[in-house]
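Worksheet: one structure, shown below.
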Amino acid sequence: MNFLAHLLLSENDVEFRLGNFLADFVKGKQRALLQGNMRRGLECHRRIDRFTDSHPSVFRAMDLIDPSRRRFAGILVDVFFDNLLANTWNEYAHTPLDEFCASIYKAFQDYAGPLPPDARRIIGRMIEFDWLRSYQHIEGIDQAIERIRRVLGHDRTEPLAGASADLLARRADFAEHFRVFFPELREHVKEVYDINP
């Protein structure tokens, strides 16, 4: 899953949420520097990823991706599922999406504790460009895919250009797989962590 799901499936603690959010950005030795709830958040992120990467509904959703983009299918399904989550938010969360996003942004911006290198820059960009709320719209999905292309390198990610067309073409099918997958993921996370979205 992408950022919105990871943050929803976090304990209500800023350090836990920071660890869950930053897990994809913190590499190698930097991970060993994380302590306490930030480390637990990172471990929760990994638990979510392992479950997601082995779930039959995710595999079925990956099969819906155009063959020209199939090697990026896992990444695209993550992003598409955040779009589906944002657009069915009230089925999975007690707090309205706008309020949830605003509280995340404020908590991250106000956090005064130590953070890994580049974390404040990443958080600043997330807030400035409203990454979490942007998942509701196809334009936001396009922007998320473009961010992924910049990280991975445009030369090797040319097939990702225009990938939101796959979601638009097969939205009902993606939604069906998401409806099976997401409640099972939430229960899987709640087995270990104090999650009450």
| Would you say Ala107 is outside any helix (DSSP H, G or I) and either in contact (Cβ under 8 Å) with a residue 60 or more places away in the chain or out of contact with any Cys (no Cβ under 8 Å at 6 or more places or on another chain) (or both)? | no
Take Leu18 and tell me if it is crowded, with 20+ Cβ neighbours inside 10 Å and over 27 Å from Ala61 (Cβ atoms). yes
> Got at least one residue in segment 183-192 being at pLDDT below 95, assigned to a helix (DSSP H, G or I), under 26 Å from Cys44 (Cα atoms) and among the aliphatic types (A, V, I, L, M)?
Replying inline: no
Of the residues in segment 98-135 that are within 22 Å of Gly36 (Cβ to Cβ) and either touching an Asp or Glu at 6+ places or on another chain (Cβ under 6 Å) or among the charged types (D, E, K, R) (or both), the one that is modelled with the lowest pLDDT is Asp118
Filtering segment 41-72 down to residues that are surrounded by fewer than 18 Cβ atoms within 10 Å (Cβ to Cβ), of a type in the set (Gly, Ala, Ser) and either modelled with pLDDT under 95 or within 14 Å of the chain's Cα centre (by Cα) (or both) yields Ser68
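Please work out if Ala144 is among the small types (Gly, Ala, Ser), buried (at least 17 other Cβ atoms within 10 Å of the Cβ) and either farther than 30 Å from Gly36 by Cβ or modelled with pLDDT of 95 or more (or both).
Values: among the small types (Gly, Ala, Ser): yes; buried (at least 17 other Cβ atoms within 10 Å of the Cβ): yes; either farther than 30 Å from Gly36 by Cβ or modelled with pLDDT of 95 or more (or both): no.
Against the criterion (among the small types (Gly, Ala, Ser), buried (at least 17 other Cβ atoms within 10 Å of the Cβ) and either farther than 30 Å from Gly36 by Cβ or modelled with pLDDT of 95 or more (or both)), Ala144 does not qualify.
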Scanning segment 46-72 for residues that are in contact with an Asp or Glu (Cβ under 9 Å, 6 or more places away or on another chain) and more than 16 Å from Phe181 (Cα to Cα) gives Ile65, Asp66, Arg69, Arg70
Of those in segment 64-104 that are among the small types (Gly, Ala, Ser) and part of a helix (DSSP H, G or I), the residue farthest from Leu7 (Cα to Cα) is Ser68
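Is at least one residue of segment 121-133 part of a loop (DSSP other than H, G, I, E, B) and buried (at least 20 other Cβ atoms within 10 Å of the Cβ)? Even if it seems obvious, please write down each step before you answer.
To start, the set of residues in segment 121-133 that are part of a loop (DSSP other than H, G, I, E, B) comprises 129-130.
Now drop any that are not buried (at least 20 other Cβ atoms within 10 Å of the Cβ), which leaves none.
Looking through segment 121-133, none of the residues is part of a loop (DSSP other than H, G, I, E, B) and buried (at least 20 other Cβ atoms within 10 Å of the Cβ).
The values are calculated or read from the model by the stated rules, or taken from the named source; none is laboratory data. Please read these numbers as outputs of a predicted model, since none were measured by experiment. Note that we place each Cβ from the backbone using ideal geometry, even for glycine, and neighbour counts take in every protein chain shown.
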